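Note sheet for the following structure.
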Amino acid sequence: MSGTIHIINNNNKNSLTNTSFYSDPILPKKHNHVEIIFQKFKIVYNDPRRFGFIQLIKNRASLKKRLAHLGPEPFHSKFSQEYVVSFFKKKEKNIKNFLLDQNFVSGIGNIYASEILFLCKINPNKKAGLLKKEDCKKIIIYSRRVLLNAI
């Protein structure tokens, strides 16, 4: 989305940062929602659209519990043909909505889902339960390819 994390040197008066969302390297303060200040630098979370959030997690067990409802990422070995085929079995929901569903697979947004389905030559409105094994294999391959190209 639009939220960005910036590392800013405290000695730099201009607050120069990366230009990931802004075309100007000077970070506007208007949408800074979190600032973590250290001796030599600070970390700033800036999000003009307010889609993101920061949550402090106490330990690994709490982190696992927080992420337990999420599906595997496309590069994880669990995101396999067997997983996809079994997940889609007898499902009425269309394939694009499944790709957007973070309980099924994590990290695929609207633009990536559209691109994946276009490359697979699968209609986004097609019911997931009607996909063939070969279609599921294509979804895995193109999910990885599209996300790898996005990096």
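The values are calculated or read from the model by the stated rules, or taken from the named source; none is laboratory data. What you are looking at is a predicted structure, and each value in this text was computed from that prediction instead of being measured. Cβ placement follows ideal geometry from the backbone for every residue including glycine, while neighbour counts extend to all protein chains displayed. Side chains are part of the model used for accessible areas, which takes the heavy atoms of the whole protein and leaves out ligands, DNA and RNA. Shrake-Rupley method; radii C 1.70, N 1.55, O 1.52, S 1.80 Å.
Details
- Qualifying residue in segment 110-133 (condition: modelled with pLDDT under 95 and outside any helix (DSSP H, G or I)): no
Listed here are the residues, each with its yes/no results for (1) touching a residue at least 24 places away in the same chain (Cβ under 8 Å); (2) under 15 Å from CYS136 (Cα atoms); (3) in contact with a strand residue (DSSP E or B) (Cβ under 8 Å, 6 or more places away or on another chain); (4) open to solvent by less than 50 Å² (accessible area, probe 1.4 Å).
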| position | (1), (2), (3), (4) |
| --- | --- |
| HIS69 | yes, no, no, no |
| TYR83 | no, yes, no, yes |
| PHE88 | yes, yes, no, yes |
| ALA113 | no, yes, no, yes |
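- Subset tally (residues that are among the small types (Gly, Ala, Ser) and part of a loop (DSSP other than H, G, I, E, B)) for segment 53-86: 4
- Taken together, the residues in segment 29-52 that are open to solvent by 70 Å² or more (accessible area, probe 1.4 Å) and either part of a helix (DSSP H, G or I) or closer than 23 Å to LEU99 by Cβ (or both) amount to 2.
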